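**Q** This is the structure I have questions about; it appears just below.
The values are calculated or read from the model by the stated rules, or taken from the named source; none is laboratory data. Small disclaimer: the values here were computed from a predicted structure and weren't measured. Virtual Cβ from ideal backbone geometry, glycine too; neighbours counted across all protein chains shown. The area values use the complete protein model at the heavy-atom level, side chains included, leaving out ligands, DNA and RNA. Shrake-Rupley method; radii C 1.70, N 1.55, O 1.52, S 1.80 Å.
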Amino acid sequence: MEYQDLANDILAHVGGKENIVSLVHCATRLRFKLKDNKKADAAGLKNNPGVIMVVESGGQFQVVIGNHVHDVWLAVRQAARLTDDTPEPAGDGDEKGSLFGRLIDIISAIFTPFIGILAASGILKGLLALAVACGWLTSGSGTWKIWFAASDALFYFFPLVLGYTAGKKFGGSPFITMAIGGALVHPAMIEAFTASQQPGGIAETFLGIPVIWFNYSASVIPIILASWVSCWLEKQCMKWLPSSMKNFLSPLICLMVIVPLTFLVIGPLATQLSHLLAQGYQLIYALAPWLAGAAMGALWQVCVIFGLHWGLVPLMINNLTVSGHDSMLPMLLPAVMGQVGAALAIMLRTHDARQKVLAGSSVTAGIFGITEPAVYGLNLPLRRPFIFGCVAGAVGGAIVGFSNAHVYSFGFANVFTFAQMIPPGGVDTTLWGGIAGAVVALALSCLMTLVAGMPRKAQTSVPAGVSIGENAVLAPMSGNLLPLPDVPDTTFASGLLGNGVAIIPSDNKVIAPFAGEVASLFQTKHAIGLLSDSGIEVLIHVGIDTVKLDGKHFTAFVNIGDKVQAGDLLLEFDRQAIIDVGFDLVTPIIISNSDSYRDVLTVAETPVNAGMPLLIVVP
C-alpha cells in the first residue's frame, strides 16, 4: 500500500496499536484518542516528511496529514487492525482533561465521521440556489427535485446519522441509538406533528401523559442527549440482565423506555435549549455584527490550529435548524481567504523553488477550504504571514458582519460558500457584502505579506557593544546558506527547535563552531549537540531524515563530554553516498537556547567556508 510506511511510523510514534482507543479523521487530520498520551512521541513524528504537524488538543492526539488523510487513515487502520465495531468508552466520568476539552472531544467524535458528506450536501444546496437564481433550473422541476433530495437527505435524516455516531462515542450500541433517531423522523411522528399544527388538532397522549409534538428532522441536540441516556441505560441493562437474554432484552428496554422519554421529556427540553442557543447567538450578533465578524475572522484559524473550532460546528447547524439561516459561517470565509492571500504572496515573492511549489498547492487547497498546508507549511513558520492573514481576516469578517450576510445551508468556508449565501428570494446586497469581505481579506493579507511578511535578508553587521568572540558561532562546514524557513522539514523550518540557519554542504566534514564541549551525540552520528564555554547551545543536524541511515556513511571523532576547540573535527560523512541513496543533505545549525537571547543574527553570506563567522547571538 502506498502509505503503509507512513502508517507504520505513525503507529510506532503514538505508542503502538495497544495505546489507541479510537481513530477518526476529518478533512486533513488523523484524530487519535490514546490511552496514555505520554507514550506518544509528537516530536519524533513531526520529523516524518509525510506529517505536516502534530497537535495535542481537546483530549486528542491530532496528526495533520493533508488532503490524502483518508488514504493514510485506511493504512493506519489496516496496520493496527482497527474496525468500525470498536466502541469508544466515554461518558462515565473517568476521562481526564478539562470539561471544555472533553466537550470538544465529544463533538468532534460525533461529527467527524460524516463531515465530508455534510460539507458536500451543503455545497450542493448552494449550487442549486445559484442555478435557480441564474435561471438555469426552476424549483419544482424534476431535475431540481432529484438534486434537492440528494442535498437534503442527510439533513432531513440527521437524527439517524447522529444517533449512530453518538452511540459509538458514548460506548453503546450505535444501532439502538440510530433506531431512536429513526423514531424521531418516522412518517407517523411527522404526520402527528403536522396534525398538531392544524386548527382544532387532536391532543395525543402516551399512557395518559400529554405529548408535545415537534418536528425533529434536521435536529441535532435532541438525539445526542437521547443517545447519551440510551447508552447509560444499555450499560446498566448489560450489567444486571442474564447473559442468555441481554442481547435482545437490552435493546428492547432501551427502545421501550428511551423513545417515549425522548418525545415526552428529552426532545421538548432539548428543543427549547436549541432555541435558547440560537436566540442567544442572534442577540449577541444583533448588538455588534461587525465586531462579531472581526472576532471570528481573526480567531478562527487559531481555533483550527488547536482543534477548538469543533465547538462552533453544532452552533452553526443549530442556527440553520432553528432559523433557517446562519450568520456565523460567512464570517469564517475571510479568515480562510486571509491565509490563502498570505500563501499567494509567498508564492509570488519567494525565489525558492520548493517553497513556490508548496505555496502554489496551498493556495489551491485553501480556496477549497483546506488551510492546514498553508498555515503549517508556510504562514505559521514564517510568523508574519499568519499574523497578517488573521488581521486581514478580522477586517474582512467585520465587512461580512456589517453586511448581514447569511448562509442557507451548512458547509465549510470555501469558494462554494458564495453560492450558499444566496437567499431563497434571489440575490441581494448581503451576498455582495459577503463576497466583498472575502476579497478584501485575500487582497489585504497578500499585500501585507508582499510588503513586510517575508524574512529579511541576513544581517551582516554586528550590533554595537556585542563581542564577536564570545557570541559568535562559526560555520561548521562549507557550502551554500539556506534560510531556516526554507528547510524542507516543518520542525526545523517552524523555528520550534530554535533560530538559526542551514547549510547545503559542499564537503564532507563537520568542525566545532566554538570552544566548548560535546553535549549530545546521536547513536546514528547524523546529529550532534554542543555547548560553548559562554553558554550557547548548538544543534548540528546533518541532512533531512538521515536518522534512517542508522549511522551508515557517518563517522564520529568525538564522544559525549569531550572538550573541543573551534575548528576541531567532529564528524565526517560520505556526501555523495548519502545523496545517491536519496537523502537531502540540507544541514540546519540551530541555537537550541534561542529563548535565552534577544536575537540570533546570520552574519555570513553564501557561499560560506568552514570556520568563518556564521551566527551571532545577541544577549
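**Q** Which one of these does Asn414 not meet: (1) at pLDDT 90 or above; (2) crowded, with 20+ Cβ neighbours inside 10 Å; (3) under 30 Å from Tyr281 (Cα atoms)?
**A** All conditions pass for Asn414, except number (1).
**Q** Mind checking which residues of region 381-404 are buried (at least 22 other Cβ atoms within 10 Å of the Cβ), at pLDDT 80 or above and either more than 25 Å from Ala436 (Cβ to Cβ) or of a type in the set (Val, Ile, Thr) (or both)?
**A** Residues satisfying the conditions are Ile399, Val400.
**Q** Which of (1) closer than 19 Å to Pro268 by Cα; (2) modelled with pLDDT under 85; (3) surrounded by fewer than 22 Cβ atoms within 10 Å (Cβ to Cβ) is the odd one out, the single condition Val220 does not satisfy?
**A** For Val220, the exception is condition (3).
**Q** For region 108-128, which residues satisfy the criterion of being closer than 20 Å to Met421 by Cα and either of a type in the set (Gly, Ala, Ser) or not in a helix (DSSP H, G or I) (or both)?
**A** Selection gives Gly116, Ala119, Ala120, Ser121, Gly122, Gly126.
**Q** So which residues in region 380-417 are over 30 Å from Asn499 (Cβ atoms), of a type outside the set (Phe, Trp, Tyr) and assigned to a helix (DSSP H, G or I)?
**A** Once the filter is applied, which keeps residues that are over 30 Å from Asn499 (Cβ atoms), of a type outside the set (Phe, Trp, Tyr) and assigned to a helix (DSSP H, G or I), region 380-417 yields Val395, Gly396, Gly397, Ala398, Ile399, Val400, Gly401, Ser403, Thr417.
**Q** Being of a type in the set (A, V, I, L, M) and in contact (Cβ under 8 Å) with a residue 40 or more places away in the chain: is that true of Ala286 here?
**A** Answer is no for this residue.
**Q** Restricting attention to region 350-367, and to residues there that are surrounded by fewer than 17 Cβ atoms within 10 Å (Cβ to Cβ) and part of a loop (DSSP other than H, G, I, E, B), which single residue is modelled with the lowest pLDDT?
**A** Checked region 350-367; the qualifying residue modelled with the lowest pLDDT is Asp352.
**Q** Name the single residue that is farthest from the chain's Cα centre (by Cα) among those in region 133-172 being open to solvent by 30 Å² or more (accessible area, probe 1.4 Å), touching a residue at least 24 places away in the same chain (Cβ under 8 Å) and more than 18 Å from Thr112 (Cβ to Cβ).
**A** Out of the qualifying residues, it is Ala133.
**Q** Residues that are surrounded by 14 or more Cβ atoms within 10 Å (Cβ to Cβ) and within 38 Å of the chain's Cα centre (by Cα): which strands (runs of 3 or more DSSP E) entirely in region 546-619 hold 1 or more of them?
**A** 554-556, 587-591, 599-602, 613-618
**Q** Check whether at least one residue in region 314-323 is over 23 Å from Leu431 (Cα atoms) and surrounded by fewer than 16 Cβ atoms within 10 Å (Cβ to Cβ), and report yes or no. It would help to see each step written out before you state the result.
**A** Initial filter on region 314-323 (over 23 Å from Leu431 (Cα atoms)): 314.
Filter once more, so that each one left must be surrounded by fewer than 16 Cβ atoms within 10 Å (Cβ to Cβ): none.
Checked region 314-323: no residue is over 23 Å from Leu431 (Cα atoms) and surrounded by fewer than 16 Cβ atoms within 10 Å (Cβ to Cβ).
**Q** So in region 1-56, with the set limited to residues that are hydrophobic (A, V, I, L, M, F, W, C), open to solvent by 40 Å² or more (accessible area, probe 1.4 Å) and not in a loop (DSSP other than H, G, I, E, B), which one is farthest from Asp489 (Cα to Cα)?
**A** Result: Ala12.
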